[in-house]
Structures are given as C-alpha cells and as structure tokens.
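Reviewing the structure listed below.
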Amino acid sequence: MSALPQEQGSLVQALQQPERIERAGRSFYRGQLHGHDVVLALSGIGKVAAATTTTVLAEHFGVTRILFTGVAGGLGDEVRVGDVVVAQSYLQHDMDASPIFERWLVPGYASITMDCNIALTQQLALATGLCVEQDGHAIDWPALGLEAGHRPRMHQGLIVSGDRFVSTQRESQALRSALTTAGHDVLAVEMEGASVAQVCADYGIAFTAVRTISDRADDSAHLDFGLFVEKVASRYADHIAHAFLKALPTAAGG
Ligand code: ADE
C-alpha cells in the first residue's frame with residue numbers, strides 16, 4: 001500500500017501478469033512480484049480513506065500481510081528530513097474519548113498503541129537500512145536544499161496518525177510534549193498508518209510500515225514537497241518494496 005501515487009508508479013510497471021480491479025472507487029493492481037502474489041493499492045489521504053482501502057484488501061482480496069510506504073513529518077529530535085522511520089507501533093493522536101476512556105485509546109481496543117508485526121518489521125528494517133545507505137550516496141541533496149554531505153538515517157519506533165497536516169512549530173511541540181509526558185516517545189506524524197494498523201488488527205493481518213521524513217511538521221517550508229517526493233520518497237519506497245519482497249519468504253514457505 002502506498003500513500004502517494006508517485007510511490008506506486010514503478011511498482012505497477014514491475015508487476016507480472018498485472019490485472020486492474022476497481023473497488024470502492026479505487027484502483028487495485030493484482031499480479032506477481034518477486035514470486036509473491038501481491039495487490040498494489042493507494043491508501044487515499046486520511047484515516048477513513050486508508051481504512052476503507054485496507055478493508056477492501058482484507059475482504060475482497062484476502063490479503064494476509066500489508067507493507068505500507070509514505071511520507072511523514074519528523075517529531076523526534078534526531079529525525080531529520082531525508083531520514084526514514086520504520087514503525088514499531090502506531091497511535092491515533094486525534095482520538096480523545098477522555099474522560100470516559102483513556103486519552104488516545106480507541107474504545108474497544110486493548111491498548112493505546114497498536115503494534116506492527118515483529119517478524120515483518122525486522123525484515124523491513126533490514127531492507128530499509130540497506131536502501132537508505134545506498135540511495136543516500138546517490139541522491140543530489142543540495143538540489144533539495146540540504147547539505148551536500150547529508151547522510152540519511154533509519155529510525156525505529158512510534159509513529160502517530162491523525163486527520164491533520166501538522167505544519168506549525170506550536171502544534172508539533174504540543175503534540176510531542178503531550179505524548180512524551182504520557183511516556184510515548186514519538187518519532188513521526190502522518191495521516192493514515194494508525195487506521196491501517198487498526199483494521200489490520202481487526203482482520204488479523206500482519207502489518208508493517210515505513211515512512212520517509214519529508215518535513216519537520218513545523219513552519220519551515222524550505223523544501224519543495226513535490227520534488228522531494230519524486231527524488232527521495234518515491235525512490236526509497238520503490239527500492240525498499242523490492243528489497244523487502246525479494247527477501248520475504250513466500251506465504252506457503254512460512
Ligand atoms: N505527512 C508528511 N508530513 C506530514 C505532516 N507534517 N503532518 C501530517 N502528515 C504528514
């Protein structure tokens with residue numbers, strides 16, 4: 001599953017025996033990649049759109065594993081533009097049914113954070129580490145407004161999602177300090193992953209996700225978002241998805 005069309009483009013081209021299927025006003029592409037039966041999908045923007053896409057993947061396609069790629073705003077101190085975050089868990093930062101329920105808890109679920117699948121996430125971190133290292137040397141960082149010697153890093157931990165593009169220092173600080181005070185060490189913010197994690201929990205689908213940091217979720221718009229997606233995020237997403245699938249055991253093989 002891709003958050004952005006630019007990330008999906010080259011995967012659709014690489015698909016063997018591709019078939020396009022329309023469901024819920026969305027296009028899904030079914031075929032084979034690196035020996036796996038796969039379905040490529042765009043999540044749509046925001047939690048509900050992503051939840052609908054995930055539900056179609058579960059109900060219509062019967063998927064058992066989901067890899068999600070996209071971009072996110074960096075919240076952790078060390079999480080810089082051009083870095084990537086492999087999610088270990090997710091939380092919906094705009095869910096608040098307090099004081100009836102604990103803040104951020106989706107009523108009916110056991111805990112505030114939803115965990116990603118451990119085995120898939122280990123596999124994803126291996127693929128991501130290699131791709132970021134290789135791509136980091138090849139990307140023209142100054143063309144994107146970053147220093148020439150920029151070396152992207154991979155982080156692993158909590159990503160939070162909500163139906164809001166966080167674009168002020170005030171909001172990102174408020175978000176971060178509320179979470180940190182409650183013991184949640186947040187790395188990044190985006191708009192879909194936690195809802196996909198929730199639907200995956202409902203259906204027993206193994207879920208893993210990686211996000212490229214496109215901004216610091218603050219007022220500084222020193223980067224051209226479209227150019228960044230084209231030159232960095234879509235490149236990472238493509239390379240990571242291929243490396244992940246190549247190394248992944250087929251469903252029949254365990
Ligand atoms: N995706 C990328 N950057 C983001 C931000 N700052 N807030 C929410 N989603 C994002």
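In this simple spin-label model, placing a label point 7 Å from the Cα along the Cα-to-Cβ direction at both Ala148 and Ser111 gives a separation of 4.7 nm.
Among Ala233, Ala97, Gln17, which residue has its Cα furthest toward the positive end of the charge dipole of the chain, with +1 on Lys/Arg Cβ and -1 on Asp/Glu Cβ? After comparing all options, I get Gln17.
Rounding to the nearest 20 debye, state how big the charge dipole of the chain is about its Cα centre with +1 on each Lys and Arg Cβ and -1 on each Asp and Glu Cβ.
Working: 18 positive and 28 negative charges, 82 e Å.
Roughly 400 debye, rounded to the nearest 20.
Calculate, for Asp96 and Gln32, the FRET efficiency according to 1/(1 + (r/R0)^6) with r their C-beta to C-beta distance and R0 45 Å; round to the nearest 0.05.
Values: r = 43 Å, r/R0 = 0.96.
Computed FRET efficiency for Asp96 and Gln32 comes out at 0.55.
The alpha carbons of the stretch 22-120 stretch over 45, 34, 27 Å along the principal axes, in descending order. In the elastic network of the chain, a GNM with C-alpha springs shorter than 10 Å, the most mobile of Ala182, Ala233, Ala72 is Ala182.
Between Thr180 and His60, the contour length at 0.36 nm per residue exceeds the alpha carbon distance by 39.3 nm. Go ahead and set up a Gaussian network model of the chain, Cα springs under 10 Å, then flag whichever of Ile100, Ile21, Ile159 fluctuates most. With Cα springs under 10 Å in the chain, the top fluctuation among Ile100, Ile21, Ile159 is at Ile100.
Here the alpha carbons of the stretch 143-254 define both size measures, Rg and Dmax, at 16.5, 49 Å. The radius of gyration of the Cα set in the stretch 74-219, together with its Dmax, comes out at 15.9, 51 angstrom. Largest first, the three principal axis extents of the alpha carbons in the chain are 50, 49, 33 Å in whole numbers.
Over the stretch 118-177, the alpha carbon radius of gyration divided by the compact-protein estimate 2.2 N^0.38 Å works out to 1.48. Annotation for the stretch 74-126 versus the stretch 25-40: alpha-carbon center distance of 26 Å. 3J(HN,Hα) couplings calculated from phi for the stretch 33-39 with the Karplus curve 6.51 cos²θ - 1.76 cosθ + 1.60 (θ = phi - 60°) are, in sequence order, 9, 6, x, 10, 6, 10, 10 Hz; Gly and Pro show x.
Since every read-out is calculated from the coordinates, none of them should be taken as a lab result. Keep in mind the model is a prediction, meaning the values are calculated, not measured. As a convention, Cβ positions derive from the backbone with ideal geometry for all residues, glycine included, and neighbour counts pool all protein chains shown.
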